[in-house]
Amino acid sequence: MPWTLISTRNETTPIARGGWLDALRFIVAFLIILHHFQAAGPVPLAEAVHPVFERGGFLLTNFFLIDSGYVLMRVYGAAVGQGRMSHGDFVLKRVLRVVPAHLIMGLSLVALVLLSASVGIAPRNPEWFRWDQLPAQLLLVQSYGVHGGLGWNAPTWSISALIGCYLCFPWILRGLTRLGPWSALALGIGGYLVANQLCWSLLAYPVYQMPMGYGFIRALPLFVLGMSLAWFAQSVWIHPRFAGWIGIAAFCGLVVAQAFGKTALVSLAMISLIILAAGAVPVRRPSRLVETAALVSFSMFISNEVVRIAWFGVVNAANTRFALSEPVQWVLWGCGVLAAVAFAFAFHFAVDDRIQSRVRAWLKRRRGGRRSAPVEAGPVISLEG
C-alpha cells in the first residue's frame, strides 16, 4: 500500500560506510577521470563512443556538489545544530581535510612544469600553465571572482567553491531545521530553480554552466539541495525495497535522458533521486572493499589531472618521435587511466591518510580532550573526503 512505502513514523535508515553511497563516490570519481582523460586518446571518447563523455562533466560535478551537502548534513548536521561542534571547528575540520592534498598536488604540478622546462621540454598547451593563473588556484579563491585559476589543476575550482559552502553550512542548517521535511525539500528544489532563472536573467548563463569565476554561485544551490535531501532523509522513512526501485528507475532515467542532449534539469532530478535512494537503503553487510575504494575517491579527484598531464606528456613525446600506431596509443591511454587510479591509491595511503591522521590528532588536542560529536554509524564523507 502506498502509505507503507513512505512514512514519518518509522525510524529512518542511518548513514553508514561500505554501502551504496560509498559505491557511488568511487564510481563518480572514476567517471571524473574518464571525463578528464577522454580527449587524450587517439580519438576522443566523445566521438568514438558518445558525446556524454565530454558534455557529461557538469553532471559529475553536480553529483559531487549535491552529495557533499547531503552527506555533510547527515554526518554533522545534528552535532553542529545542537552545539556539540562549533561552527569554527566544523569549518576548520573541512578546510584541513582538503587543503593539504590540494597544495601537494598543485606544487607537484609546478615542480613538474619547471623540471620539464629545465630539460628543454615545453608544454604542449602552454596556455594551461600561465603563471598569472596559479596564485588564485593555490589559494583556492578562484571561485569568487578573483582573477586566475584557469589551467594547472583546474578541477580544484569546485574545492574552492565548497569552502564557501562550508562557511555557509551552519546558517543553512539553522534555516532548514526550522522546516518540516517536505517544506525543506520544496525549498531545496525551488531554490535551485530560482537560482537557475536568476543566472539566466542576470548573467546569461544557466547556473550549472557558470564560469569558474562564479563557481561559488554554481555550487551553493546544489549544496543546499543536497542538505535539503538529507533533512528529508533524516525525517521520512522510505521502504528499502521501494528506495532500491527508485534508484534503479532514476539511473535508467538518467541514462535515457543523455540521448536527448544535456537535459540538465531532468538529469539533476535523477541524480538527486539516486542519492536519496542510496541513503535510504540500509547497509546490512558493509563491504570493506567498497569502503576502501570510497576513501580513495578524494585522492582520485585531486590527483587525476596531474597524472594526466604527466602521463600524456610522455606519451605525446613518444608518439611524436616513434609515430605510434593507433592500437598502441589506445593501450597507453588505458594504462594512463589505470595509472591515475593506482596513483590515487598510493597517494591516499602513503601521504594523504597519514597527514589526516596528524590533523585529527591535532584537532583532538585543540579541543582539550573534549569528546568529539558522535556521528551516525561511521563518517561516510562526500567525494572531497
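Could you check W245 against (1) surrounded by fewer than 17 Cβ atoms within 10 Å (Cβ to Cβ); (2) closer than 24 Å to F223 by Cβ; (3) of a type in the set (F, W, Y) and say which number it fails?
(2)
Residue-by-condition table, conditions (1) modelled with pLDDT of 95 or more; (2) among the hydroxyl-bearing types (S, T, Y); (3) out of contact with any His (no Cβ under 9 Å at 6 or more places or on another chain):
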{"position": "F169", "(1), (2), (3)": "yes, no, no"}
{"position": "L173", "(1), (2), (3)": "yes, no, yes"}
{"position": "A184", "(1), (2), (3)": "yes, no, yes"}
{"position": "L193", "(1), (2), (3)": "yes, no, yes"}
{"position": "S201", "(1), (2), (3)": "no, yes, yes"}
{"position": "Y205", "(1), (2), (3)": "no, yes, yes"}
{"position": "Y208", "(1), (2), (3)": "no, yes, yes"}
{"position": "P211", "(1), (2), (3)": "no, no, yes"}
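Limited to segment 309-348, what total is found for residues that are assigned to a helix (DSSP H, G or I), over 21 Å from the mean Cα position of the chain (by Cα) and hydrophobic (A, V, I, L, M, F, W, C)? Break it down into steps so the answer makes sense when it comes.
Step one: of segment 309-348, the residues assigned to a helix (DSSP H, G or I) are 309-322, 326-348.
After this cut, where a residue has to be over 21 Å from the mean Cα position of the chain (by Cα) as well, the list is 310-322, 326-336.
Checking which are hydrophobic (A, V, I, L, M, F, W, C) leaves us with 310-312, 314-315, 317-318, 322, 328, 330-333, 335.
The qualifying residues number 14.
Based on this model, can you work out whether F64 counts as over 15 Å from L176 (Cα atoms) and in contact (Cβ under 8 Å) with a residue 40 or more places away in the chain? Step through it out loud before you land on a result.
On the way: over 15 Å from L176 (Cα atoms): yes; in contact (Cβ under 8 Å) with a residue 40 or more places away in the chain: yes.
In short, yes.
Looking at (1) surrounded by fewer than 17 Cβ atoms within 10 Å (Cβ to Cβ); (2) hydrophobic (A, V, I, L, M, F, W, C); (3) over 30 Å from S7 (Cα atoms), find the lone condition where W171 falls short.
The one condition W171 does not meet is (3).
State whether the residues of segment 350-362 include one that is within 27 Å of G247 (Cβ to Cβ), surrounded by 15 or more Cβ atoms within 10 Å (Cβ to Cβ), within 25 Å of the chain's Cα centre (by Cα) and among the aliphatic types (A, V, I, L, M).
Narrowing segment 350-362 to residues within 27 Å of G247 (Cβ to Cβ): none.
Looking through segment 350-362, none of the residues is within 27 Å of G247 (Cβ to Cβ), surrounded by 15 or more Cβ atoms within 10 Å (Cβ to Cβ), within 25 Å of the chain's Cα centre (by Cα) and among the aliphatic types (A, V, I, L, M).
Hey, among the residues in segment 148-206 that are without any contact (Cβ under 8 Å) to a residue 24 or more places away in the chain, on the phi < 0 side of the Ramachandran plot and not in a helix (DSSP H, G or I), which one's farthest from the chain's Cα centre (by Cα)?
R178
Out of segment 1-39, which residues are aliphatic (A, V, I, L, M) and either farther than 17 Å from Q234 by Cα or part of a helix (DSSP H, G or I) (or both)? Spell out the reasoning first.
Here is the first cut: in segment 1-39, the residues aliphatic (A, V, I, L, M) are 1, 5-6, 15-16, 21, 23-24, 27-29, 31-34, 39.
Result: M1, L21, A23, L24, I27, V28, A29, L31, I32, I33, L34, A39.
Take segment 37-70 and flag every residue that is touching a Gly at 6+ places or on another chain (Cβ under 8 Å) and under 30 Å from R17 (Cβ atoms).
Scanning segment 37-70 gives F37, L65, I66, D67, S68, G69, Y70.
Residues in segment 111-125 that are touching a residue at least 40 places away in the same chain (Cβ under 8 Å) and either surrounded by 16 or more Cβ atoms within 10 Å (Cβ to Cβ) or closer than 18 Å to C168 by Cα (or both): how many?
2
Tell me whether segment 101-109 contains one or more residues that are among the polar types (S, T, N, Q), within 22 Å of the chain's Cα centre (by Cα), at pLDDT 95 or above and in a helix (DSSP H, G or I).
Residues of segment 101-109 that are among the polar types (S, T, N, Q), as a first pass: 108.
Still in the running and within 22 Å of the chain's Cα centre (by Cα): 108.
From the residues that got through so far, the ones that are at pLDDT 95 or above too are 108.
Filter again for in a helix (DSSP H, G or I), leaving 108.
The answer is yes; a qualifying residue exists.
Modelled with pLDDT under 95, within 27 Å of V296 (Cβ to Cβ) and surrounded by 12 or more Cβ atoms within 10 Å (Cβ to Cβ): does that describe R367? Reasoning before the result, please.
Numbers: modelled with pLDDT under 95: yes; within 27 Å of V296 (Cβ to Cβ): no; surrounded by 12 or more Cβ atoms within 10 Å (Cβ to Cβ): yes.
It is false that R367 is modelled with pLDDT under 95, within 27 Å of V296 (Cβ to Cβ) and surrounded by 12 or more Cβ atoms within 10 Å (Cβ to Cβ).
The values are calculated or read from the model by the stated rules, or taken from the named source; none is laboratory data. Predicted model, so just to flag it, every value in this text is computed and none were measured. So basically every Cβ, Gly included, is an ideal-geometry build from the backbone, and we count neighbours across all protein chains shown.
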